[in-house]
Amino acid sequence: MNAIVALCHFCELHGPRTLFCTEVLHSPLPQGASSGDISGQNEQAEEEEGGIQMSSRIRSHSPAEGASADSSSPGPKKSDMCEASAKICGCRSLAGGHPGYVSHDKETSIKYVSHQHPNHPQLFSIVRQACVRSLSCEVCPGREGPIFFGDEQHGFVFSHTFFIKDSLARGFQRWYSIITIMMDRIYLINSWPFLLGKIRGIIDELQGKALKVFEAEQYGCPQRAQRMNTAFTPFLHQRNGNAARSLTSLTNDENLWACLHTSFAWLLKACGSRLTEKLLEGAPTEDTLVQMEKLADLKEESEGWDGSEEEEKPSSQQDVVEGQELSKCSPETSLMPDCNSWNVAHRRLSVFRSLRHMRQVLGASAFRMLAWHVLMGNQVIWKARDSDLVQSAFDVLRTMLPVGCVRIIPYSDQYEEAYRCNFLGLSPHVQIPSHILSSEFAVLVEVRTATRSSLYPTLFDDEQSLNKYEFVVTSGSPVAADRVGPTILNKIEAALTNQNLSVDVVDQCLVCLKEEWMNKVKVLFKFTKVDSRPKEDTQKLLSILGAAEEDNVKLLKFWMTGLSKTYKSHLMSTVRSPTSSESRN
């Protein structure tokens with residue numbers, strides 16, 4: 001988590017001051033906080049907790065070294081400090097020349113570094129401003145508690161102000177705050193409960209230690225009675241140089257800053273790991289819902305067949321069941337893989353590789369006629385000796401439709417009516433009724449053995465199986481070349497003819513197009529079937545949806561049959577609920 005945690009103090013002489021801060025470093029340590037070997041006397045304390053290795057490296061400095069370090073620091077000058085001497089005072093946490101504390105997170109290779117002030121000038125300015133605001137204008141009622149403030153330029157701050165008991169201070173207490181600064185406002189607000197609880201625990205521990213020292217000092221030499229018996233003098237002059245008591249003195253804890261470093265480093269690590277970004281797939285698509293419903297129906301049927309004797313069914317009925325099974329995944333497979341495809345065995349036998357491949361084989365005009373009938377929900381009939389070729393063709397064509405609109409009988413020895421299937425595979429000897437051949441609601445693709453003169457050039461090396469066929473596409477209502485057609489068909493053809501798009505990209509375009517038009521179908525269903533709006537309003541809605549043309553309207557009405565039962569029942573229940581609640585009232 002990219003944030004800074006700091007402890008701030010309101011000095012009676014100099015106002016708000018930053019005492020101690022911990023920052024996260026993703027780059028090499030800044031100068032002065034190096035964790036390498038240091039010549040001279042070293043005092044090291046290492047501890048491992050939660051995957052963080054704690055290191056405190058302290059070395060003795062000569063006065064010259066301390067002076068040079070202070071002069072290069074972005075912090076306040078010595079002249080601005082309480083008691084411009086070498087001892088630690090109320091405005092200072094670490095002694096001059098102290099290199100600070102470093103924690104190494106071995107899991108993420110992140111370093112947590114603690115100093116009195118950030119080394120970077122810009123960070124120093126941000127922390128300084130947050131410190132001043134937290135101990136002056138941005139306070140909660142009672143001057144003790146949490147508050148949030150900030151802006152995009154200077155960062156956002158979670159501040160918790162509190163008092164520490166001091167027998168020598170005005171009012172017997174000193175004012176401190178712990179602040180957390182980050183640039184991500186949403187993340188900081190979402191972390192409010194976590195930060196409040198953990199920082200409150202740190203404050204309670206500090207106040208508990210200070211209270212024990214305060215009570216011991218008051219027991220030995222009560223300051224309240226001494227001050228009341230003393231003649232009035234300016235308060236700052238009567239404390240004999242004790243105006244700058246450090247926090248270590250108030251709590252009687254020499255390891256206070258090391259403990260605070262440990263707490264702040266853990267706070268930054270824990271707060272950064274508790275909230276993570278997660279990819280949400282969103283609500284299930286209509287295709288997923290329909291697949292789940294079909295799988296549930298299959299499971300229910302199979303349970304009904306268990307323990308009972310299976311009756312012999314006509315071959316046509318078996319074909320229908322087979323077609324239903326081919327339109328969804330098997331119950332044992334997950335819904336996450338491509339449920340729009342058949343099983344692996346059929347993929348190995350696939351002849352048509354994609355819609356683009358089929359368009360190249362059939363020709364642009366024949367493919368457009370075939371695709372138009374598929375999208376409109378008309379019956380698509382393939383007659384061929386090779387059943388694998390028919391199944392491969394249906395496998396490709398069905399990708400243009402929602403799963404709920406697909407009803408397949410892959411191969412049959414007799415003609416089946418359109419209400420039973422919109423994809424029908426027939427053997428060559430099957431007779432098709434004449435009214436079907438002349439109908440505008442059906443299209444026939446005949447796969448014939450090609451003569452030598454009609455052989456087209458081989459598009460792929462392994463395309464010899466298609467090279468021996470010719471494909472004749474006929475319909476009682478051929479699509480005119482100048483007919484605009486449904487909008488989705490024009491977009492599909494534009495994607496197929498764009499050679500800069502790979503087959504995978506075209507597949508994703510097709511998924512997006514189907515989702516776009518299924519959303520329009522949902523709006524139209526809600527508008528017409530659930531709300532029962534008049535025809536004039538429906539025409540206005542279609543114009544808004546960009547689907548006022550005749551072909552688009554027909555497509556929407558056909559695709560409406562592919563909506564899942566779950567979605568329809570949900571809409572009906574939301575419509576009934578207000579009425580039922582009003583009747584109860």
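The values are calculated or read from the model by the stated rules, or taken from the named source; none is laboratory data. Computed from a prediction, not measured in an experiment: that's the story for all the values here. Neighbour counts are summed over all protein chains in view; Cβ atoms, including those assigned to glycine, are modelled from backbone coordinates with ideal geometry. Side chains included, ligands, DNA and RNA excluded: accessible areas come from the protein's heavy atoms. Shrake-Rupley method; radii C 1.70, N 1.55, O 1.52, S 1.80 Å.
Kindly indicate whether residue 501 is part of a helix (DSSP H, G or I), at pLDDT 90 or above and not hydroxyl-bearing (Ser, Thr, Tyr).
In short, no.
Name the residue, out of 491, 520, that is in contact with a helix residue (DSSP H, G or I) (Cβ under 7 Å, 6 or more places away or on another chain) and not assigned by the TED database to the domain that holds residue 566.
491
Could you tell me which residue of region 238-279 is modelled with the lowest pLDDT, considering only residues that are more than 25 Å from residue 91 (Cα to Cα) and assigned to a loop (DSSP other than H, G, I, E, B)?
The extreme case among them is 279.
Residues that are within 30 Å of residue 498 (Cβ to Cβ) and assigned by the TED database to the domain that holds residue 562, at least 3 per element: which helices (runs of 4 or more DSSP H) completely within region 358-443 meet that?
Per the criteria, no element qualifies.
Going through 414, 431 one at a time, which residue ends up being open to solvent by 50 Å² or more (accessible area, probe 1.4 Å), more than 45 Å from the chain's Cα centre (by Cα) and touching a residue at least 40 places away in the same chain (Cβ under 8 Å)?
Just one listed residue meets the conditions, 414.
Which members of region 140-191 meet the condition of being open to solvent by 60 Å² or more (accessible area, probe 1.4 Å) and among the hydrophobic types (A, V, I, L, M, F, W, C)?
Within region 140-191, 148, 183, 186, 189 qualify.
Identify all residues within region 261-276 that are open to solvent by 10 Å² or more (accessible area, probe 1.4 Å) and of a type outside the set (Ser, Thr, Tyr); write none if there are none.
Result: 266, 269, 270, 272, 274, 275.
If I ask for residues that are open to solvent by 50 Å² or more (accessible area, probe 1.4 Å), in contact (Cβ under 8 Å) with a residue 24 or more places away in the chain and of a type outside the set (A, V, I, L, M), which ones from region 286-301 would you list?
Residue satisfying the conditions is 299 alone.
Between a residue in region 186-201 that is modelled with pLDDT of 95 or more and any residue that is assigned to a helix (DSSP H, G or I) and open to solvent by 70 Å² or more (accessible area, probe 1.4 Å), which pairs come within a Cβ distance under 7 Å, given they are 6 or more apart or on different chains?
Nothing qualifies.
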